[in-house]
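> The structure follows.
The values are calculated or read from the model by the stated rules, or taken from the named source; none is laboratory data. These numbers were taken from a predicted model, which means no experiment stands behind them. All Cβ positions, even for glycine, are placed from backbone atoms using ideal geometry, and neighbour counts span all protein chains on display.
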Ligand SMILES: C[S@@+](CC[C@H](N)C(=O)[O-])C[C@H]1O[C@@H](n2cnc3c(N)ncnc32)[C@H](O)[C@@H]1O
């Protein structure tokens, strides 16, 4: 099932809502958000992460390849803007103060190209705060691994990719853990500055 089909029931999952809250807390603990900031959320989906930070910033632009997910995102309010496209092909006519994302990077094949793209989308001094799974064994997605390009990430390798793209002050830390039965899936937050 693709994300268009999942959009209607996406927010019904308490596990997803709690994960977004945990990631948002990690973002707020690492970054000083302020009401002047224009933020980009890539793979924004229905806006579970955006909802948690929208009151702390000026606007959030949700970029997503699923139009049905973005229909839900638009319901958040007037300070939420949408762009229906692949993040690696996104070409806005302005730059952002910061970029956030949760649980999307493992759906993107070319991570080197992604970090170069994110760097190009930021104002000087702008930040990234990207959350995703640490390396897992392919059991995280209950419904199968269609559309999954990476079984989580080795954060040391990701940090090196971010540095190669030009980012400074690159760090990652575990900010949350998803429990499924007996298993725990730690979620990291990678932060860096342009
Ligand atoms: C697992 S969902 C996460 C959604 C949201 N961030 C959340 O935490 O609920 C991944 C989202 O990324 C989007 N997506 C996947 N690949 C993408 C790409 N290359 N560019 C933009 N969006 C993408 C999907 O359509 C989906 O909405």
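> Taking the conditions exactly as written (within 11 Å of the ligand (Cβ to nearest atom), in contact with a helix residue (DSSP H, G or I) (Cβ under 8 Å, 6 or more places away or on another chain) and not in a strand (DSSP E or B)), does residue 8 satisfy them or not?
Numbers: within 11 Å of the ligand (Cβ to nearest atom): no; in contact with a helix residue (DSSP H, G or I) (Cβ under 8 Å, 6 or more places away or on another chain): yes; not in a strand (DSSP E or B): yes.
Considered against the rule, which asks whether it is within 11 Å of the ligand (Cβ to nearest atom), in contact with a helix residue (DSSP H, G or I) (Cβ under 8 Å, 6 or more places away or on another chain) and not in a strand (DSSP E or B), residue 8 comes out as no.
> Sticking with this one: Consider residue 15 against the criteria (1) touching a strand residue (DSSP E or B) at 6+ places or on another chain (Cβ under 9 Å); (2) on the phi < 0 side of the Ramachandran plot; (3) buried (at least 17 other Cβ atoms within 10 Å of the Cβ): it satisfies all of them except one. Which criterion is unmet?
Condition not satisfied by residue 15: (3).
> Got a number for residues in region 137-166 being modelled with pLDDT of 95 or more, assigned to a loop (DSSP other than H, G, I, E, B) and touching a strand residue (DSSP E or B) at 6+ places or on another chain (Cβ under 6 Å)?
Of the residues in region 137-166, 1 are modelled with pLDDT of 95 or more, assigned to a loop (DSSP other than H, G, I, E, B) and touching a strand residue (DSSP E or B) at 6+ places or on another chain (Cβ under 6 Å).
> Let me ask you something else. Give the residues of region 26-51 that are surrounded by fewer than 23 Cβ atoms within 10 Å (Cβ to Cβ) and either within 16 Å of the ligand (Cβ to nearest atom) or in a helix (DSSP H, G or I) (or both), sorted by residue number.
Within region 26-51, the subset surrounded by fewer than 23 Cβ atoms within 10 Å (Cβ to Cβ) is 26, 28-38, 51.
Listed by number, the residues that qualify are 26, 28, 29, 30, 51.
> Out of everything in region 178-194 that is surrounded by fewer than 20 Cβ atoms within 10 Å (Cβ to Cβ) and either in contact (Cβ under 8 Å) with a residue 60 or more places away in the chain or out of contact with any strand residue (DSSP E or B) (no Cβ under 7 Å at 6 or more places or on another chain) (or both), what residue ends up being farthest from residue 15 (Cα to Cα)?
The selected residue is 193.
> Next question. Counting only residues that are part of a helix (DSSP H, G or I) and either near the ligand (Cβ under 9 Å from one of its atoms) or within 13 Å of residue 44 (Cβ to Cβ) (or both), how many does region 106-118 have?
The first filter runs over region 106-118 and keeps only residues part of a helix (DSSP H, G or I), leaving 106-107, 111-118.
Next, only the ones that are either near the ligand (Cβ under 9 Å from one of its atoms) or within 13 Å of residue 44 (Cβ to Cβ) (or both) stay: 106-107, 114.
The total comes to 3.
> Residues in region 52-70: is at least one surrounded by fewer than 22 Cβ atoms within 10 Å (Cβ to Cβ), touching a residue at least 40 places away in the same chain (Cβ under 8 Å) and under 19 Å from residue 158 (Cα atoms)?
no
> Might you check whether a residue that is over 22 Å from residue 193 (Cβ atoms) and exposed (fewer than 13 other Cβ atoms within 10 Å of the Cβ) occurs anywhere in region 101-122? Spell out the reasoning first.
As a first pass, look at region 101-122 and keep what is over 22 Å from residue 193 (Cβ atoms): 103, 106-107, 109-110.
Restricting the remaining residues to those that are exposed (fewer than 13 other Cβ atoms within 10 Å of the Cβ) gives 109-110.
Yes - at least one qualifying residue is present in region 101-122.
> Anything in region 123-151 that is closer than 20 Å to residue 27 by Cβ and exposed (fewer than 12 other Cβ atoms within 10 Å of the Cβ)? List them, or say none.
125
> Given the structure, is residue 22 crowded, with 21+ Cβ neighbours inside 10 Å and in contact with a strand residue (DSSP E or B) (Cβ under 9 Å, 6 or more places away or on another chain)?
Details: crowded, with 21+ Cβ neighbours inside 10 Å: no; in contact with a strand residue (DSSP E or B) (Cβ under 9 Å, 6 or more places away or on another chain): yes.
Answer is no for this residue.
> Pull out all pairs, ordered by first then second residue, where Cβ-Cβ is under 7 Å, the residues are six or more apart or on different chains, the first lies in region 136-147 and is away from the ligand (no atom under 12 Å from the Cβ), and the second is modelled with pLDDT under 90 and in a loop (DSSP other than H, G, I, E, B).
138/145
> Given (1) in a loop (DSSP other than H, G, I, E, B); (2) in contact (Cβ under 8 Å) with a residue 12 or more places away in the chain, where does residue 132 come up short, assuming only one miss?
(1)
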